[in-house]
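The values are calculated or read from the model by the stated rules, or taken from the named source; none is laboratory data. Fair warning: this is a prediction, and the values are worked out from it, not measured in the lab. Here the Cβ positions follow ideal geometry from the backbone for every residue, glycine too, while neighbour counts run over all protein chains shown.
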Amino acid sequence: MKFLSSVQLLERSVERRGFTLVEMMVVISIIGILVAILYANFNQARMQARDKARQVQVQQLQVAIEQYNDKYDRYPARGCVESGKNGDYWAGSETYGSPNWLSSTSVQCLDYIVGLVPEFIPELPREIGPIKASKGYIYRTNATGSFYKFMTHYSVEVLLVDSLGHPFSKHGRCSDTTNSNYGVNIPNIYAVYSSGAECF
């Protein structure tokens, strides 16, 4: 009868407890799949959190604009005034594209609303998502300040505007059937506005 030394028994025990190459590959594959699922869920949660932050910023700015109107009996002027403009065009905070990133009647500007900071709001909203051209917060008013529209420009990620009845729909209350914006829903724009700016 052959007796094994304690060292030999320990070596055999260690050998029996080890993983084979196939087992190791299966475990690594499972971990990789779990990490990918967790990352996708985490990334989705981050996008939702940014959209909720955008909604809060839009609502806060809307309150500030209305408070300004209550005090001065007009809506605030936009910043970045260009000579020769009549006051009825867009100005905004987008800083990654060209200055005329929205249209020929828009202009790049960080202080895109005059007179709100710091009395009515600590600072104007800025785009909080990944750097990308043609994104930002923009504001429109007319020369007399009788109406305004404020929007997040193509920056909504997952909490989309799903209908014209959505509280942040850009053209939700537009009733001018001759206007090209009538019945148009833009999912990745949040907007708030006063009477007179529904169809912009």
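Tabulated values for the structure
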read-out	value
Checklist (1) part of a loop (DSSP other than H, G, I, E, B); (2) modelled with pLDDT of 85 or more; (3) buried (at least 18 other Cβ atoms within 10 Å of the Cβ) applied to Glu119, failing item	(3)
Conditions (1) over 27 Å from His166 (Cα atoms); (2) at pLDDT below 90; number of the one not met by Val114	(2)
Selected residue [touching a residue at least 24 places away in the same chain (Cβ under 8 Å), over 30 Å from Ser146 (Cβ atoms) and assigned to a helix (DSSP H, G or I)] from Ala53, Ala64	Ala53
Test result for Thr141, at pLDDT below 95 and crowded, with 20+ Cβ neighbours inside 10 Å	yes
Residues that are under 24 Å from the mean Cα position of the chain (by Cα) and at pLDDT below 90, drawn from segment 45-91	Arg78, Gly79, Cys80, Tyr89, Trp90, Ala91
Selection status of Leu102, within 20 Å of the chain's Cα centre (by Cα), modelled with pLDDT of 95 or more and farther than 22 Å from Val63 by Cβ	no
